[in-house]
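So the structure is just underneath, and the comments pick up after that.
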Amino acid sequence: MSGRKSESRSPSGPRRLRPERTLPLAPLPAPARAEKALPDPSDWTFDLIEEYHEKIRAVAQRFALDTYANQLEVITAEQMMDAYASVGMPVNYRHWSYGKEFIANERSYRRGQMGLAYEIVINSDPCISYLMEENTTAMQALVIAHAAYGHNSFFKGNYLFRLWTDASSIIDYLVYARNYIAECEDKHGMTAVEDILDSSHALQNYGVDRYHRPSKLSLAEELARRTERQEYAQTQVNDIWRTLPRRPDRPGEAADLKRFPSEPQENILYFIEKNAPLLEPWQREVVRIVRKIAQYFYPQRQTQVMNEGWATFWHHQLLNTLYDEGHLTDGVMIEWLKSHTNVVFQPPVGHPAYSGLNPYALGFAMYTDVRRICENPTDEDREWFPQIAGTPWLPALHHAMRNFKDESFIGQYLSPKVIRDLRLFAIVDDEHDEHLRVSAIHDTAGYRHVREALSRQYDLGSREPDIQVWSVNLRGDRSLTLRHTRHNNRPLHDGAQEVLKHVARLWGFGVNLESVDSFGDVTTHWSITASELAQI
Amino acid sequence: MLQQIIDRRLAGKNKSIGNRERFLRRYQGQVREAVRKAVDQRGIRDIEQGEDIHLPKRDISEPSFSHGSGGAREIVHPGNREYVRGDHIERPQGGSGRGSGQGQAGDSGEGEDDFVFHLTKEEFMQIFFDDLALPRMTRTQLAEMPEMKSHRAGYSNSGTPSNLSVIRSMRGAIGRRVAIGSGSRADLAALEEQLQLLPAGSTEPAEVLARKALELEIAALRARLARIPYLDPIDLRFRNRVRLPVPTAKAVMFCLMDVSGSMDEARKDLSKRFFILLYLFLTRHYEKIDLVFIRHHTQAQEVDEENFFRARETGGTVVSSALVLMDEIIRERYSATEWNIYGAQASDGDNWHHDSGRCRELLTESLLPRCRYFAYVQVAEEEQNLWEEYARLQAVESHFAMRKVTQAAQIYPVFRDLFKSDRVAA
């Protein structure tokens, strides 16, 4: 990574990380058993939700779940589908792809092919959780425990979220984005805006900073800085493209030719936003909006198993505790347990419903097992997890939630028992072999291998092709070259040519994409020439 | 901790409507094509419905960089039953280790690769009207519901204060007061009677006590009776009004079409749109509409809609045969005093040349006096004698309209007068 102009990054020296909070040692003691359980009519009322919430909050506090303030919002099924369509956010800019999403969801919902999620929770401060109107009282209790305390504490506690997202400003930013895009549509026409959005969306997974921390800006600052930024960016672009007069005493121009960018750039959208020669200032801003929102979702994509597992573990824990203390009736228990069982169901491979590992099932199993290892360790656990076996479970669990992402969490905590319980096995698919080969199963020889393989499977770096900005032909046709570095010799999907069209549209000149194998040789080459660009 | 529950249920749904519009806009070419096909296949009466639109999935996919098949990968699966390390497994179909079957592209029907969505009735009509180039005013006129009038419909227990029926409410209140108080009043009467029976002014302690007790009881009963509200919210009755469509008279629409060999599919399609537009106009104004389909070549025949648009004959053309048949049908079934008669005729203008004059005579003498409106479209450019004869009519008859139409957008002007006059009246 090269040193970027830190245009929007705070000039105030070293970044401040929030001080690490101390880990809770043990749950606070339980109060006396309740005399009477909470009422459990199937129809909820606002008072009832508040009562349940209060009880759940009290228990969550005893388990030291530190959360953002909660804002529960009751919505209808249709509103839930609206929220689905705009990637779960309460506001978002308008784009046809969200319309497509909405239409698809609505259709399968109306036909009864799809149940709606019981909840959507938004990583914001206050943390917004949607409760669906159709839910029964028991389901609302489940959703509150799951979303408002499980997910919420994860958003606040996990290091990726703490590092990469700013819960307090996201809603403001989305409002800003929505208004800005609408403004652009008015000024420049819907088609022009749609083109830029389409192209930026195609690259949104490549619009993420993996190592820099994004700045935090309030809406007002964002607005104030926009104009400044646009002017500045435009002068920067011109600077790069300025053709310097040749000095007569230096004919050897080629030797002087500097490589640009001086190092490969992984954030393609950022590179385009800053360097694409022909983009208008407003187009750069649109690219930036897509990039910023992609960045906000980046931690979520890396913590699926952890996040869902954590929320599932806690709704299970909180509601069971409430039951043990006499707050919940049997009816409520049966109802949420049924739903819980469905959520953590893991169909085995070959089952008609099988579509990969269920993050709820895996995460729930792993957190539950961490607790078991702490409380009732076996000899095997003492050998595998000497640092946590037999220690208090609450700090161990909080530690596991705060300091990992899926990849490292699995690498660290996937125990032989979970591997046995889920009967995990690894299959190698190599194009050079005629058959698939089973490389490890749930036995002593295989535990470590399975764990490593699964950990790699959740590594975003290996799930998504590694494509970076390689070079720009500054003196010639201004074409941009991207480079794909093959991982395990896996080629790119044929759709790459389509994506390249979008890159070319943003860049404004010809674009090349090279696929490089492990020996550093270019094996495949795609390109959009300037003349083809004119037809896009 | 700050915590709040917000009820968003009334905060408006359809937040995605803007996204849906953008989606439709992006695929307007395909959507328009689908609407055109649907209009083609539907009956005139079924025109106002939504439609399922199929789009091939590859057309609407959003590209992104991803791994293709090939290379080496290791995938962990759950639920191992029989495998041990080193086992070899047949590669499943589709080449990928995941074994998820790749969908095959379907070219028709609801194939796996089709993205299907439902165009609402409103959206469908919007696109249909776009095609016909209808002016906006006319669109709203066609899209709006028939005129409604409110009628009295008894009483209800909810409503606006202005609809409060005082008499009904008071009557209810009296009934309630009587009913609720009857038990207490009977008790009160009994107790008062007992009190009367007690000797007045007695100083006997037992009698004084008894009198005291009775008086207390009576006071309690009186208090209870006094607590019965004079008027209670449940007594309120409101005049109820319902909105009913204004009943209008019946109409019959005659569709006349030339089905001789020169009328090809494209011309028939234009004619169909012409009939649909008139039908839509009529549905806004009449509750009951009969459709009569008359097709003709040298002879005219009354047929059902299916045969009207599908069948194709060869041979010459005698237009007057259709007009004669229409006249006969009117005499038999649709007396002009009871029915509003509309005529719509489509042809390519080809006619046996001696017949055209007779057509004009038939129209002026027997048909036009009985019709509310008669419209003629010629779906071919060439002007022949039928056109010339009709052109003479147009000059003198105000409720006769004619037009040459070679594209759907040219149909509307035929009805311009019809819609205009209606607007003035409305």
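Using DSSP to call loops (not H, G, I, E or B), can you name the chymotrypsin sites (Phe, Trp or Tyr not before Pro) in region B:212-272 whose Cβ has at most 14 other Cβ atoms within 10 angstrom? Walk me through the numbers on the way to the answer.
On the way: sites: B:Tyr230, B:Phe238, B:Phe254; in loops: B:Tyr230.
Qualifying residues, ordered by number: B:Tyr230.
Using R₀ = 45 Å, calculate the FRET efficiency as 1/(1 + (r/R₀)^6) where r is the Cβ-Cβ separation of B:Arg392 and B:Gln28; round to 0.05.
Values: r = 43 Å, r/R0 = 0.95.
Efficiency, from the Cβ-Cβ distance: 0.55.
If you put +1 on each Lys and Arg Cβ and -1 on each Asp and Glu Cβ, how big is the dipole of region B:161-239 around its Cα centre, in Debye rounded to 20?
Dipole about the Cα centre, nearest 20: 760 debye.
Once you list every other residue whose beta carbon is under 11 Å from the beta carbon of B:Leu225, what net charge do they have if Lys and Arg are +1 and Asp and Glu are -1?
+4
Contact order normalised by length for chain A, with contacts defined as Cα pairs under 8 Å and 6 or more residues apart; what percent is it?
Values: 747 pairs, mean separation 84.0, N = 536.
It comes to 16 percent, rounded to a whole number.
Tell me the Kirkwood hydrodynamic radius of the protein assembly as shown in angstroms, computed as one over the mean inverse distance between distinct C-alpha pairs. All intermediate terms of the calculation are to be shown ahead of the outcome.
Details: mean 1/r = 0.0281 Å⁻¹.
Kirkwood hydrodynamic radius for the protein assembly as shown: 35.5 Å.
Under 20 Å Cα-Cα from A:Lys36, which lysines qualify once same-chain neighbours fewer than 8 residues away are excluded?
A:Lys55
Pick out, from B:Asn340, B:Gly357, B:Phe374, the residue whose Cα sits farthest towards the positive end of the charge dipole of region B:332-401, with +1 on the Cβ of Lys and Arg and -1 on the Cβ of Asp and Glu.
Of the listed residues, the answer is B:Asn340.
Scan region A:484-536 for chymotrypsin sites (Phe, Trp or Tyr not before Pro) in coil per DSSP, keeping those whose Cβ has at most 16 other Cβ atoms within 10 Å, and list them by number.
A:Phe519
What is the fewest-to-most order of B:Asp327, B:Asp114 by other Cβ atoms lying within 10 Å of their Cβ?
With the sparsest Cβ surroundings first, the list reads B:Asp327, B:Asp114.
Mind running the shape call on chain B? Use the C-alpha gyration tensor, a ≥ b ≥ c as the square roots of the eigenvalues: rounded below 1.5 for a/c, prolate if a/b tops b/c, oblate otherwise.
oblate
Can you pull the one-decimal nm distance between simple spin-label points at B:Arg171 and B:His118, each 7 Å off the Cα toward Cβ?
4.5 nm
Could you list A:Met366, B:Met326 so that the one with the fewest beta carbons within 10 Å of its beta carbon is first and the one with the most is last?
A:Met366, B:Met326
What is the spin-label model distance, in nm, from A:Thr378 to B:Ile60 if the labels are put 7 Å beyond Cα along the C-beta direction?
Going by the 7 Å Cα→Cβ label model, 5.1 nm.
To test your reading of the geometry: what angle, between 0 and 90 degrees and rounded to tens, separates the Cα axis of helix B:265-285 from the longest principal axis of chain B?
Its long axis makes an angle of about 30 degrees.
Could you list the trypsin sites (Lys or Arg not before Pro) in region A:407-510 that lie in coil according to DSSP, counting only those with at most 13 other Cβ atoms within 10 Å of their Cβ?
A:Arg475
For region B:250-425, just say rounded, prolate or oblate: build the C-alpha gyration tensor, square-root its eigenvalues into a ≥ b ≥ c, call rounded for a/c under 1.5, and beyond that prolate if a/b exceeds b/c, oblate if not.
Working: a/c = 1.28, a/b = 1.25, b/c = 1.03.
Note, shape of region B:250-425 comes out rounded.
Count the lysine pairs in region B:250-425 whose Cα atoms lie under 25 Å apart, taking only pairs 8 or more positions apart in sequence or on different chains.
Lysine pair count for region B:250-425: 9.
As I understand it, the value is the acute angle between the Cα axis of helix B:121-132 and the longest principal axis of the Cα atoms of chain B; what does it come to in degrees, rounded to 10?
It works out to around 30 degrees.
Just to verify a number: FRET efficiency for A:Arg225 and A:His525, C-beta to C-beta distance, R0 = 45 Å, to 0.05?
Once the sixth-power term is evaluated, E becomes 0.65.
Report the label-to-label distance for B:Asn157 and A:Glu431 in nanometres (one decimal), using points 7 Å from each Cα along the Cα→Cβ vector.
7.6 nm
Where does each of B:Leu55, A:Leu513 land when they are ranked from fewest to most other beta-carbon atoms within 10 angstrom? List each step's numbers first, then the result.
Working: B:Leu55 18, A:Leu513 23.
Neighbour counts put them in this order, fewest first: B:Leu55, A:Leu513.
Once each part is reduced to its C-alpha centroid, what is the distance from region B:1-54 to region A:311-327 in angstrom?
Region B:1-54 and region A:311-327 have Cα centres separated by 42 Å.
Rounded to the nearest 0.05, what FRET efficiency is calculated for A:Thr341 and B:Thr406 with R0 set to 56 Å and r the Cβ-Cβ distance?
Once rounded, the FRET efficiency stands at 0.25.
Where a number appears in this text, it was derived from the coordinates with a stated rule and is not lab data. Computed from a predicted structure; not experimentally measured. So basically every Cβ, Gly included, is an ideal-geometry build from the backbone, and we count neighbours across all protein chains shown.
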